[in-house]
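Quick notes on the structure that follows.
The values are calculated or read from the model by the stated rules, or taken from the named source; none is laboratory data. In this text the structure is predicted, and so the values were computed from the model without any measurement. Heads up, the Cβs are rebuilt from the backbone with ideal geometry, glycines too, and the neighbour counts pull from every protein chain shown.
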Amino acid sequence: MERGREAHWQSAWAQAGLARAEADPSKEKFFAIVAYPGSSGFLHVGHLRGFAYADILHRFHRMNGRAVFFPTGTHLTGLPAVTFSQKVKLRDPATVRQLEDHGVPESEWHDLEDPERAGRFLGRSYLEVFRAFGLLIDERAYITTMDEDYRSFIRWQFHRLDRAGALVQAPHFASVCPVCGPVSVDPSETDLSQGGGAEWIVYHTVPFRLDDGRFLLAATLRPETLFGATNVWVAPHATLSTWHHGTHRFLVSPEGGRRLLEQLGGHLGAEVPFEELRSTSVTVPITERKIPILTSPLVSPSIGTGVVMSVPAHAPADWVALQELPEHDLNRIPPVESVIRTDEATLTASERELLAGAGVPAERAARASGASRLADTDALDRATERLYRLELIRGRMMPGILGGISVAEARAKVGERLEAEGTAPQVREFSEPVVCRNGHTVVIERVPDQWFLRYGDPVWKEKDRTLVGRLVVRPEEYRRELPAIFEWLSDRPCTRRGRWLGTPFPKDESWVIEPIADSTFYPAYYPIRGFVASGEVPLSALTDAFFDHAILGEGSGEPSLAHATQQAVRQQFLYWYPLDLNIAGKEHKRVHFPVFVATHALLLPAALQPRGLFLHGWVTNQGGAKISKKEVASKGGSVPPLREAFRRWGPDALRLFYSASATPSQDVEWDPALLDATSERIEDLTRLARTALSEGGGGPPELERWLESRTHELLSRIVEAFGECRMRDVAEAVYAEFPLAIRRYLLRGGQPGESLVRVAETWVATMSPVTPHLAEELLDGRLPTLVAASPFPNAASFPYSAAALAAEEVVDRIEEDLRNVLKPAHAKGAAPDEAILFVAAPWKHTVEGWIREGARPEGGGPNLRDLLERSKLHPELAAYRGEMAKYIARVSASIRSEPKGSSERTDDLAILTAAQGYLTRRFRFRSISVVREEEGKPFDPLARRDRARPGRPAFYLFGGVLGPPASAARPTDPLAGTKPSTPES
RNA sequence: GCCGGGGUGGCCGAGUGGCCAAAGGCGGCAGACUCAAGAUCUGCUCUCGCAGGAGUUCCCAGGUUCAAAUCCUGGCCCCGGCACCA
């Protein structure tokens with residue numbers, strides 16, 4: 001298709017008003033959304049997959065006579081737009097290149113330095129992309145989350161949540177930049193310049209008591225190993241801070257002290273040089289053992305509390321540190337003994353390898369990993385990780401300790417016991433340094449008065465469960481997982497402090513509602529938005545009373561607004577709600593979907609609950625990773641920006657690519673070569689469709705019947721697949737199997753004509769949901785309306801004939817059999833070019849029917865004797881009784897593994913006679929004759945004719961160099977250079 | 001660790017007990033058409049096979065069954081999630 005034609009059809013759809021959702025009580029409705037995109041930058045090819053699915057479904061339902069509503073919006077809440085505007089301000093090179101790629105004139109850049117304006121600008125750019133992609137979105141309902149009306153809606157929503165008791169305040173830990181405020185630590189590094197991959201590590205602490213009542217507070221991931229503690233480590237030349245918490249005094253490194261202060265409060269007191277403690281010892285909690293304090297370079301004061309519990313039997317680093325210890329220190333520590341055992345028999349090969357040799361486990365693991373000095377940090381880390389993991393999974397405590405329970409249990413038990421004493425708080429830390437955009441180190445801080453949504457509330461959860469049980473969820477794997485996701489769903493912080501975009505939290509405007517929390521219920525606002533956009537409902541009327549009435553049917557509505565208007569709003573809402581389908585990428589599995597479902601479950605009555613969720617995979621780069629913005633660049637980048645993708649392949653190729661290259665649940669790998677292939681495929685189909693739509697004499701009636709039956713079959717399958725959102729199956733049927741059927745028709749000698757044209761028009765119409773531009777282009781001028789506005793083809797308008805399908809299968813089957821025999825023959829240089837086909841005698845039909853009746857699914861065929869007995873009741877079969885036994889024996893063995901399917905009785909003689917010309921041409925034979933098995937005296941030296949079965953004729957091949965057949969002179973290689981014989985009709 | 005999903009031919013990817021040696025696409029090879037190229041069409045693309053067949057395959061090892069890619073047991077490996085991320 002000429003590239004410009006897409007724009008032509010898009011404006012034709014716009015002119016016909018196809019995208020405009022019109023409530024029509026005489027029609028069923030279909031209302032689906034795609035989770036609206038955030039505003040972190042320009043869209044790329046990865047973003048369009050969900051939109052493609054949504055549009056395909058909306059188009060399908062529109063063609064089926066439903067009123068459809070496909071709205072969208074832009075999510076401006078949070079930091080993404082802030083960050084984007086910041087990058088514009090700083091003229092970040094990658095961002096500048098994007099602006100240039102998208103043709104944004106430099107004069108407008110200044111405007112984009114404002115976060116809200118930048119976000120709105122990005123939202124508008126998304127709409128342009130959607131139009132160019134051929135989406136039929138009703139833009140009258142377009143929202144951004146910073147629009148005044150949307151914020152009124154959100155305020156109302158939070159009032160309702162509050163009234164339902166869903167909001168609570170509680171202490172919370174959060175990542176915070178001490179200078180810039182709260183930040184989100186995630187791989188997209190929106191807020192960060194470093195450390196997006198950081199995880200939270202939660203350390204247990206172990207308080208080692210000094211004689212004067214102070215505690216040396218060690219941090220550890222494995223509190224259960226305290227039974228094997230031989231000493232405590234601090235860094236050489238360390239100075240320790242005193243952290244006062246409650247009535248207790250703890251000695252920790254200065255950094256550790258600050259961390260505890262941030263997370264747990266208290267205050268910091270005197271600094272203590274380690275020298276003061278050098279010769280003292282401490283008491284291990286629980287065991288009450290006395291152990292020394294020693295120094296080692298293995299300790300980093302900045303990690304944890306800067307104090308380390310040494311367990312040389314189970315921590316490779318401790319073991320190695322011990323080897324480097326001066327004699328006089330070594331003498332102070334108690335003997336090293338294992339406190340955890342692992343059962344040799346349960347180990348895998350690689351685990352056994354880790355624990356090979358003699359010594360305590362840490363010693364073995366260090367040896368196996370090649371770590372002998374503290375300087376071997378990589379090897380030590382490896383040894384540590386493997387041993388920790390192994391002992392956690394397989395380990396049990398030694399029999400004398402805690403009764404030999406498993407390590408996992410022991411860890412929980414020891415942790416609990418320590419905490420119960422009030423002297424062993426947990427301390428959190430990032431797994432790697434995290435640095436904010438402005439270069440400050442991000443820390444974890446306690447927020448005492450964080451607002452939460454109580455998703456964990458048991459009463460609420462019960463409502464979730466009920467709804468989840470009723471939801472239609474695709475794909476199936478996700479449906480299975482969903483109940484578990486709701487079990488895990490727990491209270492979520494729903495507000496933030498800082499310079500985020502968003503709606504101020506109604507109960508306390510010093511907070512801003514957090515991005516996930518303000519996008520849980522918004523589909524309910526879409527049906528109303530049109531009234532606001534048109535001015536029918538002024539902003540001032542968007543009060544709680546208004547929404548109570550419009551969405552919940554409660555109260556009498558907003559007094560300042562005409563009753564009739566409010567009735568209309570309410571009707572509109574009730575027409576479109578419930579939402580039929582919420583479509584989103586798999587990243588929303590645990591983010592958006594659960595809270596979307598939960599909020600609906602809480603706020604709406606059963607009849608208005610959402611009906612379906614649809615989760616799709618990503619578009620990934622060639623490594624299988626989700627596409628990131630960095631990869632998108634017109635030059636050199638592996639993923640082109642959308643404008644260029646549309647220019648190169650056209651929107652239809654992209655849409656087909658998204659639907660056809662993987663099941664919706666799977667990721668599709670972005671591969672330009674595949675896009676090239678897809679767009680070529682569209683060209684192929686175009687040619688085929690044009691041929692099929694041309695004038696001509698038609699084909700033999702039996703062939704047309706077959707084509708129509710195939711069309712019937714395919715249409716049923718397509719409609720069914722649409723209904724279950726199996727878009728890949730749709731694409732396969734429409735873009736692979738349908739053309740295959742048409743090619744077969746042409747190959748079999750069918751000509752374009754009335755029948756083929758009707759089929760081809762139908763076929764092209766089925767393309768309209770997935771490749772709408774192509775469909776319009778091909779049927780341009782042939783339909784009274786646009787294809788997108790015409791009814792979806794109906795299988796019932798094509799007669800279905802099982803006999804016609806069965807007949808074609810007979811031809812297909814004989815082709816396959818002939819090919820099978822010809823292949824080895826040709827390999828040997830033989831080239832038969834004449835064939836006699838023997839059609840099975842009528843009695844075989846009868847007998848084969850009996851065999852099928854008698855075949856038992858659990859195996860074993862019918863009894864030979866019974867069948868022969870039965871045949872005695874049929875005098876007309878008497879003559880064949882001899883052959884019959886042989887035939888039954890041969891056939892009943894193989895019949896079990898044949899399809900039980902169509903027992904359609906075929907008139908093989910008529911079918912093959914009709915296909916004679918085709919077969920002759922196809923195999924470039926000189927002649928093919930079809931005879932009844934029992935008739936005449938055809939040439940059959942190999943006695944093949946006995947093999948004939950109903951639907952599967954026997955044959956004898958001869959000619960070429962194969963044999964000395966009836967006629968003598970013929971070219972030795974009839975395949976070479978021979979023109980196909982002209983088909984007789 | 002816990003929860004979930006997986007491992008299929010050169011590649012992508014269908015396929016949940018029987019025409020499955022396994023759809024479809026991509027790639028490759030060959031042929032037809034053509035002065036030629038391209039496009040298009042046709043065939044082939046695990047091994048063997050002068051008669052429609054046989055052998056060995058769907059991560060590995062066992063098992064159930066007349067029959068296993070599909071069910072069961074054990075193992076190995078991979079991916080995702082478990083956070084103030086839309």
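Determine, yes or no, whether A:Glu708 is among the acidic types (Asp, Glu) and at pLDDT 85 or above.
yes
When you check A:Ala410 against the structure, is it part of a loop (DSSP other than H, G, I, E, B) and surrounded by 20 or more Cβ atoms within 10 Å (Cβ to Cβ), yes or no?
On the way: part of a loop (DSSP other than H, G, I, E, B): no; surrounded by 20 or more Cβ atoms within 10 Å (Cβ to Cβ): yes.
Spelling it out, it is not the case that A:Ala410 is part of a loop (DSSP other than H, G, I, E, B) and surrounded by 20 or more Cβ atoms within 10 Å (Cβ to Cβ).
I need the full set of residues from the range A:194-232 which are away from RNA strand B (no atom under 16 Å from the Cβ) and either more than 48 Å from the chain's Cα centre (by Cα) or at positive phi (or both), in order please.
Correct list: A:Phe208, A:Arg209, A:Leu210, A:Asp211, A:Asp212, A:Gly213, A:Arg214, A:Phe215, A:Leu216, A:Thr230, A:Asn231, A:Val232.
Looking at the range A:49-72, can you tell me whether even one residue there is over 30 Å from A:Ala789 (Cβ atoms) and touching a strand residue (DSSP E or B) at 6+ places or on another chain (Cβ under 6 Å)?
For the range A:49-72, residues over 30 Å from A:Ala789 (Cβ atoms) and touching a strand residue (DSSP E or B) at 6+ places or on another chain (Cβ under 6 Å): absent.
Could you list all residues from the range A:471-490 that are of a type outside the set (Phe, Trp, Tyr), touching a residue at least 60 places away in the same chain (Cβ under 8 Å) and near RNA strand B (Cβ under 9 Å from one of its atoms)?
Result: A:Pro475, A:Glu477, A:Glu481, A:Ile485.
Looking at A:Ala379, A:Ala424, which one is within 27 Å of A:Ser302 (Cα to Cα), away from RNA strand B (no atom under 16 Å from the Cβ), outside any loop (DSSP other than H, G, I, E, B) and not polar (S, T, N, Q)?
Checking each option against the conditions leaves just A:Ala379.
Could you check A:Ala7 against (1) under 20 Å from A:Pro651 (Cα atoms); (2) surrounded by fewer than 23 Cβ atoms within 10 Å (Cβ to Cβ); (3) touching a helix residue (DSSP H, G or I) at 6+ places or on another chain (Cβ under 7 Å) and say which number it fails?
For A:Ala7, the exception is condition (3).
So A:Lys828 clears everything in (1) away from RNA strand B (no atom under 16 Å from the Cβ); (2) surrounded by fewer than 22 Cβ atoms within 10 Å (Cβ to Cβ); (3) in the same structural domain as A:Arg945 (by TED's automatic domain parsing) except one condition, right? Which one?
Unmet condition: (1).
Could you identify the single residue in A:Arg643, A:Arg655, A:Arg690 that is under 30 Å from A:Lys589 (Cβ atoms), modelled with pLDDT of 85 or more and among the charged types (D, E, K, R)?
None of the other options fit; the residue is A:Arg655.
If A:Gly781 satisfies every condition in (1) part of a loop (DSSP other than H, G, I, E, B); (2) within 16 Å of RNA strand B (Cβ to nearest atom) but one, which is the exception?
Here A:Gly781 clears every test but (2).
Every residue in the range A:445-472 that is assigned to a strand (DSSP E or B) and buried (at least 20 other Cβ atoms within 10 Å of the Cβ), please.
Listed by number, the residues that qualify are A:Gln450, A:Trp451, A:Leu453.
Can you name the residue in the range A:43-88 that is over 30 Å from A:Thr495 (Cβ atoms) and among the β-branched types (Val, Ile, Thr) and is also nearest to RNA strand B (Cβ to nearest atom) among such residues?
Per the criteria, the residue is A:Val45.
If I go through the range A:579-610 residue by residue, how many of them are more than 16 Å from RNA strand B (Cβ to nearest atom) and among the hydrophobic types (A, V, I, L, M, F, W, C)?
7
Any idea which of A:Ala914, A:Ala893, A:Ala879 is surrounded by 14 or more Cβ atoms within 10 Å (Cβ to Cβ) and at pLDDT 65 or above?
Testing whether each residue is surrounded by 14 or more Cβ atoms within 10 Å (Cβ to Cβ) and at pLDDT 65 or above leaves just A:Ala914.
Do we find that A:Tyr745 is in contact (Cβ under 8 Å) with a residue 60 or more places away in the chain and among the aromatic types (Phe, Trp, Tyr) in this structure?
no
Test of understanding: among A:Ser125, A:Ser193, which residue is within 19 Å of A:Gln86 (Cα to Cα), in contact with a Gly (Cβ under 9 Å, 6 or more places away or on another chain) and hydroxyl-bearing (Ser, Thr, Tyr)?
Testing whether each residue is within 19 Å of A:Gln86 (Cα to Cα), in contact with a Gly (Cβ under 9 Å, 6 or more places away or on another chain) and hydroxyl-bearing (Ser, Thr, Tyr) leaves just A:Ser193.
For the range A:176-210, enumerate the residues that are part of a loop (DSSP other than H, G, I, E, B), farther than 15 Å from A:Gly439 by Cβ and at pLDDT 80 or above.
A:Leu210
Which of the residues belonging to the range A:552-580 are free of Cβ contacts under 8 Å to residues at least 40 places away in the same chain, assigned to a helix (DSSP H, G or I) and not charged (D, E, K, R)?
A:His563, A:Ala564, A:Thr565, A:Gln566, A:Gln567, A:Ala568, A:Leu574
Within the range A:252-271, identify whether any single residue is modelled with pLDDT under 90, polar (S, T, N, Q) and within 16 Å of RNA strand B (Cβ to nearest atom), and answer yes or no.
Yes.
Assess whether A:Leu18 counts as being in contact (Cβ under 8 Å) with a residue 12 or more places away in the chain and within 13 Å of RNA strand B (Cβ to nearest atom).
It is false that A:Leu18 is in contact (Cβ under 8 Å) with a residue 12 or more places away in the chain and within 13 Å of RNA strand B (Cβ to nearest atom).
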